[in-house]
Amino acid sequence: MPESDRRHERRAAAARARAQERGSKSGALRNPAVIAAAAAVVVAIAAGVWLVASRPQVSTPPSASGGGEPAVSVATLAASASQNVVQPTAPEILTPTPGAAGPTAVVVTNSPWQVLIARGAVRDMTSPSGVAVDPDGNVWVVDFEGNFIQKFSPGGQPLIRFGQKGNAPGQFAGPTNLSIDGQGNLYVADTNNQRIQKLSPTGQSLASWGMGGDGPGQFWLPSGVAVDDQGKIYVADRGNHRVQLLSPTGQPLAQWGTRGPAPGQFWAPSDVAMDSKGQVVVADSTNQRIQVLSPTGQPLAQWGWEGPDPGQFELPSSVAVDSSGNVYVSDTRNSRIQKLSADGRPLAAWGVVVGANTPRPSPEAGTFNSPGGITVDREGAIYVADTRNARIQKLKQ
């Protein structure tokens, strides 16, 4: 056979091998279990934290009606693990220096943003993933990798901290975000424990709801939580591609959404917030949009698509709403914060979008690296968990 023919045959054989490999991969990508696992990992990486499921060998939620791994209650998990799990320690009281202005507060004069809690200023705070402000203006931060919650004064001084890794009450496994009710109680998305925990302001465990599964009141990677004025609890049930509504005592009341791109459907929703009308605002992360639902779960609006321009998103991970109805979004992979009007119009953006030819900005105030949780206080100030910069930033508007 002439050499030219042999070369042609070798190229043809290589092409057939590549085609076979592509076919094998595409078949795997059509597998729902692979897709579900990949979606969770993509969102986790984009947020700058690794969300490792408590049972990593299961890539899809165990069905409430059978199939998969049987659902196990949180109480059973805690009881069965009691001999191997270190029990919760008492909250650690952190005494600030009397009269000090807050040693971790740094104001950069050329930026409206303030680094309220700086990298390295707080022991072991390496991946702040959620932030909330209580009725007294204190700032609460949940640390995903550290598995603890820490309270800071309005000026950024550490006051108290509690939590450690585990599945007993008051312990956490990759907590992602938190919310605070009018009495100052904390509601924590204890993501890899597949539950929501309610804690007192001193860290006492008050309640725990949920277990791994896809039935009502069950969760798979819950990553966002909000509480309304009546005490009802809204959960971004990310791995189940839905939003769940619970009563103040944790009873399941409703669930909205299935996986998909249509209005009212979700793909890995990662956070939820309420506006003054009782409407539900959802960070529909992998669909690259924000959705607004009525108080009964009917889709009302959707804003955004994938991209770096104003009003576009790259894995929006967290949302907050101010008293005027403006919506604030942690546009995670664009490394910026966006502000939208109540009808979805882009109003402002802070941060530097990092593209293929754009170097990552220096970590000065007003720049972000995979921002996570976001909240707005009663005065309209914005707080952001700047996750990969391991700090909390604040903007007074």
*Pop a pseudo-label 7 angstrom from the Cα along the beta-carbon direction at both Q251 and D228 and give the gap in nm to one decimal.*
1.7
*Theoretical gain in end-to-end length, Q298 to A262 [0.36 nm per residue, Cα-Cα removed]*: 11.7 nm
*For V243, net neighbour charge (Lys/Arg +1, Asp/Glu -1) across residues whose Cβ lies under 15 Å away*: -1
*Unsatisfied cross-links (Cα-Cα over 19 Å) in the set K339/K396; K232/K277; K151/K394; K165/K198; K151/K277; K151/K198*: K151/K277
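Quick check: net charge around L186, other residues with Cβ under 15 Å of its Cβ, Lys/Arg +1 and Asp/Glu -1? Before the final figure, lay out each step's value.
Values: positive: K151, R161, R195, K198; negative: D134, D136, D143, D181, D190.
So the surrounding residues net to -1.
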*Specify the inter-centroid distance of the stretch 115-141 and the stretch 295-323, based on alpha-carbon positions, in whole Å.*
24
*Environment charge at A342 (Cβ cut-off 10 Å; Lys +1, Arg +1, Asp -1, Glu -1)*: -1
*Where the accessible area of the stretch 246-397 is counted over protein heavy atoms with a 1.4 Å probe, how much of it, in %, is carbon and sulfur?*
49
*Can you list the residues, at least 5 places off or on another chain, whose amide H is less than 5 Å from the amide H of M211, using H built in the peptide plane?*
F219
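In Å², what does the accessible area per residue of the stretch 251-396 work out to with a 1.4 Å probe?
Per residue, the stretch 251-396 has an accessible area of 39 Å².
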*Could you work out how far the C-alpha centroid of the stretch 157-171 sits from that of the stretch 199-229, in angstrom?*
15
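The values are calculated or read from the model by the stated rules, or taken from the named source; none is laboratory data. Only a predicted model underlies this, so the values are computations on that prediction, with no experimental measurement involved. Cβ coordinates were reconstructed from backbone atoms using ideal geometry, including for glycine residues, and neighbour counts include every protein chain displayed. Note: areas computed on protein heavy atoms with side chains; ligands, DNA, RNA excluded. Shrake-Rupley method; radii C 1.70, N 1.55, O 1.52, S 1.80 Å.
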